[in-house]
Amino acid sequence: MTMISLFDQLSDLVLIEIFSYLSCADALWSFSNLNSRLITLLTERGFYRHVNLSSTGRKRFAAIFSILRLNEIQSLVIDRCTSPLQLKRWPHLPHLTTLRLQGVRNFREVFILIRKHANTLIHLTVESSRYFYVGGMTREVAYPIWRLCEFLEKTLCRLPTLQSVDLGMETSFCLHKWPFKMIQAPLIYRKISLGRTYLLIDILSTKPLSSTLQQLHVKILDFCGDIDFSLRKKDFLPRMESLHTFTFVKSLKWHSSEEWTFVNVLTTSKVMPVLRRMNFSIVIDVNNLNQMAHSALFHDDRHIDVHYVFMINDNRQHFELSQYVPHGSLSHPRQIASATFISECWTVDPKIRNHDEIYLEKPRNRQHLFYTLPWIFDEFFQLCVPDRYISELQVFTSASSVNTVGPSRLRKLNISNNHLSLATSFPHIISSNQVVELHLSRCDRQTSVTLSTFDYLIITDSLDSLNSNFFSRNIRSIEITLNHEHLHLARNDWNDLPTLSTLPFLKSLRILLYGMNIPPNDTSCQIIAETASTISDFCFCFRRKDYQNRRNFDSAHIQQSLFIKQLRNNILALPLNEKPQIVVEKDGYGLIAWF
């Protein structure tokens, strides 16, 4: 047997298999300059047409950019591991049809990039994250720069070929106004988070959406209580001629008595005659449960595939309610999973008092959660009772052979106040271990959780958790937010930050301090600078929330701007092979560095 000893002797199929494990940037960086055969294979596999250079440092980006065929690029991804400074590097790409942007920080720069491709762009994704909370303020500037509404006004009226708009379902990145009666773009796909339910009706009533829209995915802001008002507009609902997929997601933290009525009215055959797939998350009462069991959504001849999660606040036993729960529609039966939990007042540590403490006033209470399998939402919705107040839990899975349960689609997991998410107790939700985004909120000690796959870590008032040893080695991006009111949890001690240098795939670190009148000390500044130099994308900002005292924040401005200057100087003084590109915000409250 002859031993193959040369890489060039590998077959095309073996090389293609190798490519399948590589990112676009790694494939182009490793193989684009070797020989014509590899270039041909890279071309055939689409690496020059579908481009993603998100995790690249500044030097590598420039090298790969120089070999790209700009006239051939059809899709471009710039994800949350990307320095925001990369946005300005992309010129006009004459055949670009798909643009996906994540971790958005500055709408103006996004719009400039979009406007370059107004005549070709068909699919647009623009997602932000909790890190860039809409209420973030400096002395004069609100972040993100430009409101979402203004961004849509500039976009939907200037992109005539646009068919798909995905703005994600992050509630800190939601729309509070819909200014259109008519738009130019003939959209067939829309995903968005809304601040009011009546905006959903306004969207449905916008021309030409009633005839073009095929998929609509909507999430409603927490504590939005205008469903009753929205129902008064039901007589003005248009006939959605093409809408075959509809998602209505509402937090389980609050309950309006008209939630099910609203969903039922929206999905009638009069409004959505060709509806084939329905996903919803709501809170109901027992009367709603009886109505739901007889709804046309589950029984009419449209043969709708229904997926849901709903919660009932009722002191009856589980078996008294479960017999009335619909097991999918007649044409698409579903296996059902459920849980009953009892909540009661707990004595809690006064140091962690927050808005959740309103539940201390509630008596012992039984609640029931029902959901179809597989879990088809990308997050586990927060219950109206925080996890730490749940004293008893029973989990049920219906015995049924009508479906083979597929893998869960859960992608985001939240852990707060050192308590594991209740989702970890439910079957078929995180067993597939597909979680890619982990949120730690107000966790001041190590939390025991086994998650080996997550790529993105969002830490809120949980700086102590950096010394935990459970973190995935796959982490590519970390966002840290500290609030002054929770400083007893977060501390202002950055000694654990160097542990991040042990994460081999970490490319992005973004730090946001709210209301911190006293910036980190000189020692911490040096630690932050040295940690920043180990990654490619770094951001550090001071902000105040819109309700915080501006006078106190203004008085701290001098110290904060001096810290930003010191941080910049410390980074530039490091013994680096090549100096990074550093941009300081005009008002001096933050900086961005691209290494």
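The set of residues in the stretch 408-442 that are touching a His at 6+ places or on another chain (Cβ under 9 Å) and part of a loop (DSSP other than H, G, I, E, B) comprises Ser408, Arg442.
Is it the case, given these coordinates, that Tyr371 is open to solvent by 20 Å² or more (accessible area, probe 1.4 Å), over 30 Å from Ser462 (Cα atoms) and at pLDDT 75 or above? When the stated conditions are applied, Tyr371 does not pass them. Please enumerate the residues belonging to the stretch 182-197 that are out of contact with any strand residue (DSSP E or B) (no Cβ under 9 Å at 6 or more places or on another chain) and either at pLDDT 90 or above or open to solvent by less than 50 Å² (accessible area, probe 1.4 Å) (or both). Within the stretch 182-197, just Pro186 meets the criteria. Every condition in (1) farther than 25 Å from Lys191 by Cα; (2) in contact (Cβ under 8 Å) with a residue 60 or more places away in the chain holds for Glu44 except the one numbered (2). Selection over the stretch 219-232 of residues that are part of a loop (DSSP other than H, G, I, E, B), among the aliphatic types (A, V, I, L, M) and within 16 Å of Val271 (Cβ to Cβ) gives a count of 0.
Looking at (1) within 30 Å of Arg543 (Cα to Cα); (2) open to solvent by less than 30 Å² (accessible area, probe 1.4 Å), can you tell me which one Glu140 breaks? Failed condition: (2). Scanning the stretch 506-526 for residues being touching a residue at least 60 places away in the same chain (Cβ under 8 Å) and either farther than 27 Å from Asp554 by Cβ or assigned to a helix (DSSP H, G or I) (or both) gives a total of 2. If you go through the stretch 19-52 and keep only what is open to solvent by 60 Å² or more (accessible area, probe 1.4 Å) and in a helix (DSSP H, G or I), you end up with Asp26, Trp29, Ser36, Arg37, Thr40, Glu44.
Looking across Leu297, Leu216, Leu275, Leu289, one residue alone is surrounded by 14 or more Cβ atoms within 10 Å (Cβ to Cβ), part of a loop (DSSP other than H, G, I, E, B) and touching a strand residue (DSSP E or B) at 6+ places or on another chain (Cβ under 8 Å). It is Leu275. Does the stretch 86-93 include one or more residues that are crowded, with 18+ Cβ neighbours inside 10 Å and part of a loop (DSSP other than H, G, I, E, B)? Checked the stretch 86-93: at least one residue is crowded, with 18+ Cβ neighbours inside 10 Å and part of a loop (DSSP other than H, G, I, E, B).
Suppose we filter the stretch 327-354 for residues that are among the hydrophobic types (A, V, I, L, M, F, W, C), at pLDDT 90 or above and surrounded by fewer than 19 Cβ atoms within 10 Å (Cβ to Cβ); how many remain? The total comes to 0. Please enumerate the residues belonging to the stretch 264-299 that are over 29 Å from the mean Cα position of the chain (by Cα) and of a type in the set (Ser, Thr, Tyr). Selection gives Thr268, Ser269, Ser295. There is no residue in the stretch 196-210 that is under 27 Å from Asp79 (Cβ atoms), among the β-branched types (Val, Ile, Thr) and touching a residue at least 40 places away in the same chain (Cβ under 8 Å). In a residue-by-residue description of the stretch 58-73, the property of being in contact (Cβ under 8 Å) with a residue 40 or more places away in the chain, over 27 Å from Leu440 (Cα atoms) and either open to solvent by 50 Å² or more (accessible area, probe 1.4 Å) or under 18 Å from the mean Cα position of the chain (by Cα) (or both) applies to at least one position.
The values are calculated or read from the model by the stated rules, or taken from the named source; none is laboratory data. Nothing here was measured: the structure is a model prediction, and the numbers come from that model. Neighbour counts run over all protein chains shown; Cβ positions are idealised from the backbone, glycine included. These accessible areas exclude ligands, DNA and RNA; they are computed on the full protein's heavy atoms, side chains included. Shrake-Rupley method; radii C 1.70, N 1.55, O 1.52, S 1.80 Å.
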